[in-house]
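Scroll down for the structure; my scribbles are underneath it.
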Amino acid sequence: MPYRIWTTGQLVTAADFNDYLQEQVIPIFTDAATRNAQITNPIAGQHAYLTGIGALTVYTGSAWAGATPAIHAVERTITVTNANIGTQSGVAFPAGLFASPPMVVVQPTGTSAYIGFTPVQATTASVSVNVRHINDVAQSASIPVSVIAIGVRGGVT
């Protein structure tokens, strides 16, 4: 898509309007079907926003794809006892958010020098968090943890 600086009094033709203005605006559609019906010849790098799934899409030259990563953050409290050390606690993601298993970070927001959390077995639907003692010190507590997942957005076509 070209770029142009206009001067005062310069004639703007229909072709100029399409090339320099219309094709460089991000149009908004409710879903992919509506977008595809209205943009019949997309150009590589062209964007469209889909309000139904809240996603910015980009045409790659051969297909529409998600233009932004999906991010999901949740805080939950995991109760740790000597009995559940070594077990896993699941954290679910919104349905269809991720197209592939995301990268996950688990960060305790409560204080405990002796209990650790490790994300394991992330899928597109959830992640399991492994609960463990640090330095072989047994401790029981209810600890808030933040689970942040970043990955490729699902449900975008």
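At a glance:
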quantity	calculated
Segment 74-105, residues that are assigned to a strand (DSSP E or B), surrounded by 15 or more Cβ atoms within 10 Å (Cβ to Cβ), at pLDDT below 80 and aliphatic (A, V, I, L, M)	Ile78, Val80
Count of residues meeting criterion [exposed (fewer than 13 other Cβ atoms within 10 Å of the Cβ) and at pLDDT 80 or above] in segment 124-157	0
First in segment 62-78 and in contact (Cβ under 8 Å) with a residue 24 or more places away in the chain, second anywhere and outside any strand (DSSP E or B) and of a type in the set (A, V, I, L, M), Cβ under 7 Å, 6 or more apart	Trp64/Ala32; Ala65/Val156; Gly66/Val156; Ala70/Leu97; His72/Leu97
Yes/no for Ala73 being within 30 Å of Val129 (Cβ to Cβ) and not assigned by TED's automatic domain parsing to the domain that holds Ile26	yes
Test for Ile71: is it surrounded by 12 or more Cβ atoms within 10 Å (Cβ to Cβ) and over 17 Å from the mean Cα position of the chain (by Cα)	no
Inter-residue pairs, beta-carbon under 8 Å, first within 13 Å of Thr57 (Cβ to Cβ) and in the same structural domain as Gly54 (by TED's automatic domain parsing) and in segment 14-42, second among the polar types (S, T, N, Q) and exposed (fewer than 11 other Cβ atoms within 10 Å of the Cβ), 6+ apart	Pro27/Gln38; Phe29/Gln38
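The values are calculated or read from the model by the stated rules, or taken from the named source; none is laboratory data. Predicted, not measured: the structure shown is a model, and the values here were computed from it. As a convention, Cβ positions derive from the backbone with ideal geometry for all residues, glycine included, and neighbour counts pool all protein chains shown.
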